[in-house]
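To keep things clear, I will list the structure first and then write my remarks on it.
The values are calculated or read from the model by the stated rules, or taken from the named source; none is laboratory data. Only a predicted model underlies this, so the values are computations on that prediction, with no experimental measurement involved. Positions of Cβ are generated from backbone atoms using ideal geometry, with glycine treated the same way; all protein chains shown enter the neighbour counts. Keep in mind that these areas ignore ligands, DNA and RNA; they rest on the heavy atoms of the full protein, side chains included. Shrake-Rupley method; radii C 1.70, N 1.55, O 1.52, S 1.80 Å.
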Amino acid sequence: MAIATNAFSTYAAKGIREDLSNTIFNISPVETPMLSNIGKRPVKAVQFDWQTDSLAAASTTNAILEGGDSTADVTNPTTRVANVTQISEKPWTITGTLEAVDKAGRKSEMAYQMAKKGKELKRDMEATITSSQVAVTGGSTTARKTAAFDSWLVTNTDNGNGATGDYAYTATPITARTVATAGNIRAFSENILKNIIKKQWTSGGQTKLLMVGPVNKQRTSGFTGIAEIRKDAGKGQATIVGAADIYVSDFGDVEVVPNRFMPEDRAYLMDPDYAKLGVLRPFFTEELAKSGDASKYHILTEYGLQVDNEAAHAVARDLQTT
Amino acid sequence: MSRRFFDYDPFTGITEWFHATDDGEGFTLEATQDITAIVDANKAAFNEFSSGRDSFGDGATLNGKSHVARIPAVIHAKLTREGIIRDPVALKRWLNDPDNAVFRTRPGVL
């Protein structure tokens with residue numbers, strides 16, 4: 001989309017930014033489990049930074065002499081990481097005739113379109129932040145893109161091709177990952193799941209949410225034992241995918257939730273406490289410059305993903321999608 | 001209030017309806033989900049467990065965690081919004097509530 005040349009615009013932003021933003025966030029929360037589960041934080045620039053830190057490994061040789069002198073250990077500085085924001089919008093148009101025929105109908109149509117476009121925009125955001133997208137700083141001819149969830153995860157992974165072609169970064173993921181070759185694509189199995197749960201736990205994270213696409217949600221239900229439960233479900237099997245499974249233990253609860261918009265070839269183990277949506281501009285609608293017998297509107301937001309500590313999460317990639 | 005079809009999601013079986021307020025400026029979204037299959041599956045699992053055919057260690061577990069409930073997506077979203085899902089004590093209280101027994105896949109107090 002090009003910027004209009006010499007545009008003399010009549011932007012009429014509605015004065016309901018915060019309310020609208022909350023309204024949109026509340027629309028269809030089922031479809032966007034990632035957005036519904038992670039927190040939000042306001043950001044003030046197109047590039048926003050945060051810091052990560054880790055403790056030294058526990059030592060079993062920490063014994064010193066009585067009266068011994070101290071020599072300072074090396075202190076590692078914190079790691080500063082950053083992401084950029086991305087602007088997403090959904091425009092729509094209402095014709096002059098509809099504006100004229102029935103004022104109540106027109107108001108209702110506006111509300112309907114706002115809800116509809118708001119929902120579509122939210123779905124776009126969900127698909128974006130759960131994708132493999134890497135950060136693009138952007139410029140006058142390239143749109144800015146925020147680094148998505150997958151691109152941050154480098155510590156706790158189970159890939160079909162091991163570490164080959166994996167994401168690598170120091171501050172912001174900008175280099176895309178190479179997907180495993182066909183021969184290295186695996187079916188999601190309990191062993192893969194156990195492996196990433198273990199890695200996440202070893203890194204100090206805690207499994208709270210397993211997010212999978214429809215195919216792997218069904219496959220998870222087929223893991224040992226769980227399949228037993230399903231055998232009586234009969235033709236309702238597919239419908240059951242639209243439910244969240246709750247597992248409990250003394251060490252915490254895990255939910256398995258389906259996500260229709262995330263890539264099917266992946267399973268995310270998330271700790272929602274360690275991810276946030278950075279919001280530079282909350283959802284807002286405004287009327288755009290009129291250029292014919294119709295009124296143009298758009299709903300827009302500017303946001304970026306903050307993965308507080310990538311080691312708190314885990315991912316299994318290169319999974320079969322059918 | 002006028003009702004208008006908003007969206008249908010074949011994946012979750014959720015239908016959404018759009019209700020405009022009388023002044024036309026506000027709206028409410030109503031989401032309905034057919035939970036028959038989920039409740040039936042839960043009941044089957046629950047009974048199977050009660051009858052001892054599905055022993056505790058034999059399955060229905062995820063890396064040592066026991067499958068205790070299957071909650072329809074619309075109700076799960078409500079629990080998420082109310083903060084119950086992220087609060088282990090509140091979640092257990094909700095799961096132990098007899099009113100929510102249809103969502104349980106095994107008996108017992110958590």
Name the single residue, out of those in the range B:12-32 being buried (at least 19 other Cβ atoms within 10 Å of the Cβ) and over 16 Å from A:Lys119 (Cβ atoms), that is farthest from the other protein chains (Cβ to nearest Cβ).
B:Gly13
Out of A:Val30, A:Val84, sole residue that is buried (at least 19 other Cβ atoms within 10 Å of the Cβ) and at pLDDT 90 or above:
A:Val84
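For (1) open to solvent by less than 70 Å² (accessible area, probe 1.4 Å); (2) not acidic (Asp, Glu), each residue gets a yes or a no:
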{"position": "A:Thr78", "(1), (2)": "yes, yes"}
{"position": "A:Glu89", "(1), (2)": "yes, no"}
{"position": "A:Thr141", "(1), (2)": "no, yes"}
{"position": "A:Gly160", "(1), (2)": "yes, yes"}
{"position": "A:Ala180", "(1), (2)": "yes, yes"}
{"position": "A:Gly183", "(1), (2)": "no, yes"}
Pairs please, first residue from the range A:177-197 and without any contact (Cβ under 8 Å) to a residue 40 or more places away in the chain, second anywhere and open to solvent by 40 Å² or more (accessible area, probe 1.4 Å), Cβ atoms under 6 Å, 6+ apart in sequence or on different chains.
A:Lys194/B:Asn63
Kindly list the number of the only condition in (1) open to solvent by 30 Å² or more (accessible area, probe 1.4 Å); (2) part of a strand (DSSP E or B) that fails for A:Ile94.
(1)
Strands (runs of 3 or more DSSP E) lying entirely in the range A:241-315 (those with 3 or more residues that are more than 14 Å from every other protein chain (Cβ to nearest Cβ))
A:275-287, A:294-307
Selection count, the range A:185-201, where residues are more than 11 Å from every other protein chain (Cβ to nearest Cβ), farther than 18 Å from A:Asp166 by Cβ and open to solvent by 50 Å² or more (accessible area, probe 1.4 Å)
0
Of the criteria (1) touching a helix residue (DSSP H, G or I) at 6+ places or on another chain (Cβ under 9 Å); (2) modelled with pLDDT under 95, which one A:Lys145 fails
(2)
Of the listed residues (A:Thr61, A:Thr78), the one being within 25 Å of A:Glu310 (Cβ to Cβ) and more than 14 Å from chain B (Cβ to nearest Cβ) is A:Thr78
I need the full set of residues from the range A:286-296 which are in contact (Cβ under 8 Å) with a residue 40 or more places away in the chain and open to solvent by 10 Å² or more (accessible area, probe 1.4 Å), in order please.
A:Glu286, A:Glu287, A:Leu288, A:Ala289, A:Lys290, A:Asp293, A:Ala294, A:Lys296
Residues of the range B:83-109 being in contact (Cβ under 8 Å) with a residue 60 or more places away in the chain and not charged (D, E, K, R), which ones?
B:Val102, B:Phe103, B:Thr105, B:Pro107
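Looking at A:Ala168, is it more than 24 Å from A:Val46 (Cβ to Cβ) and open to solvent by 50 Å² or more (accessible area, probe 1.4 Å)? If you could, list the steps in order and put the result at the bottom.
Working: more than 24 Å from A:Val46 (Cβ to Cβ): no; open to solvent by 50 Å² or more (accessible area, probe 1.4 Å): yes.
No, not satisfied.
To keep it simple, each residue is scored yes or no on (1) at pLDDT 95 or above; (2) touching a Ser or Thr at 6+ places or on another chain (Cβ under 8 Å); (3) not in a strand (DSSP E or B).
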site: A:Val74; (1), (2), (3): no, no, yes
site: A:Ser88; (1), (2), (3): yes, yes, no
site: A:Ala100; (1), (2), (3): no, no, yes
site: A:Met110; (1), (2), (3): no, no, yes
site: A:Gly118; (1), (2), (3): no, yes, yes
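Taking A:Lys116 as the residue in question, decide whether it is within 14 Å of chain B (Cβ to nearest Cβ) and open to solvent by less than 40 Å² (accessible area, probe 1.4 Å). Walk me through how you get there before you give the answer.
Working: within 14 Å of chain B (Cβ to nearest Cβ): yes; open to solvent by less than 40 Å² (accessible area, probe 1.4 Å): no.
No; evaluated as a whole, the condition is false for this residue.
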Does A:Thr172 fit the bill of being in contact with a helix residue (DSSP H, G or I) (Cβ under 8 Å, 6 or more places away or on another chain) and part of a loop (DSSP other than H, G, I, E, B)?
no
Mind checking which residues of the range B:67-94 are assigned to a loop (DSSP other than H, G, I, E, B) and modelled with pLDDT of 85 or more?
B:Glu82, B:Gly83, B:Ile84, B:Ile85, B:Asp87
